[in-house]
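The values are calculated or read from the model by the stated rules, or taken from the named source; none is laboratory data. Small disclaimer: the values here were computed from a predicted structure and weren't measured. Neighbour counts run over all protein chains shown; Cβ positions are idealised from the backbone, glycine included. Areas reflect the complete protein model, heavy atoms only, side chains present, ligands, DNA and RNA absent. Shrake-Rupley method; radii C 1.70, N 1.55, O 1.52, S 1.80 Å.
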Amino acid sequence: MILLTRLGAKVRVIAPPAAEPRPEAPAPSSLQELRVAAGGHPAEVLRVNDGDTFEARVHVWPGMQVTTKVRLRGIDAAEFRSQCAEEYRLATAARDALARMLAEGGVTIGRIDFDKYGGRVVANAATRNTPDVSEALLKTGLVRAYDGGRRDGWCGG
């Protein structure tokens, strides 16, 4: 607020003292803090559903949490309601691989969108040691790339 006072023929402007400069936010000291600063939301994994979906309590704001199913962006895993023994084997192996990665801790999700089926979100996920869970699962060969279109079967022929 600026206060104007008249002293004789002069006008003097009295302003509040200059504000103390705000200290800059400290640089992130860990990969987890870096992910959160880049827009990721910390998530507590509650359950791994299959090789491309898990349920989590996501911290969207201090004191605000949302429990949701998270479908990993860009991948498709075999289903447990399988058409053949090989699909079931792949579904089990993919779920177990995802569970091991998420057990690393420091899980964050980002680039969150609504899923086309409702009831879950599509997101990227990272852990303390794995910056892109979808990419890491693709490298295992247990899941395949998926762009949201029609999915092929896992049983061959």
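Data table
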quantity: Top-ranked residue in segment 133-157 [being β-branched (Val, Ile, Thr) and assigned to a helix (DSSP H, G or I); ranked as least open to solvent (accessible area, probe 1.4 Å)]; calculated: 133
quantity: Cβ pairs under 7 Å, 6+ apart, first in segment 103-119 and under 11 Å from residue 70 (Cβ atoms), second of a type in the set (Ser, Thr, Tyr) and in a loop (DSSP other than H, G, I, E, B); calculated: 107/127
quantity: Counted residues, segment 87-125 - those being on the phi < 0 side of the Ramachandran plot, within 15 Å of the chain's Cα centre (by Cα) and not in a loop (DSSP other than H, G, I, E, B); calculated: 15
quantity: Hey, residue 122 open to solvent by less than 40 Å² (accessible area, probe 1.4 Å), out of contact with any Asp or Glu (no Cβ under 6 Å at 6 or more places or on another chain) and in contact (Cβ under 8 Å) with a residue 12 or more places away in the chain or not; calculated: no
quantity: Residue 112, sole failed condition from (1) aliphatic (A, V, I, L, M); (2) modelled with pLDDT of 95 or more; (3) out of contact with any helix residue (DSSP H, G or I) (no Cβ under 9 Å at 6 or more places or on another chain); calculated: (2)
quantity: In segment 79-90, the residues that are under 14 Å from residue 50 (Cβ atoms) and among the hydrophobic types (A, V, I, L, M, F, W, C); calculated: 80, 90
quantity: Count of segment 81-110 residues which are open to solvent by 70 Å² or more (accessible area, probe 1.4 Å) and touching a Ser or Thr at 6+ places or on another chain (Cβ under 7 Å); calculated: 1
quantity: Unique residue being within 14 Å of residue 50 (Cα to Cα) and at pLDDT 95 or above when the list is 125, 136, 103, 93; calculated: 93
quantity: Scan of segment 50-80 for residues that are among the hydroxyl-bearing types (Ser, Thr, Tyr) and either open to solvent by less than 10 Å² (accessible area, probe 1.4 Å) or in contact with a helix residue (DSSP H, G or I) (Cβ under 9 Å, 6 or more places away or on another chain) (or both), ordered by number; calculated: 53
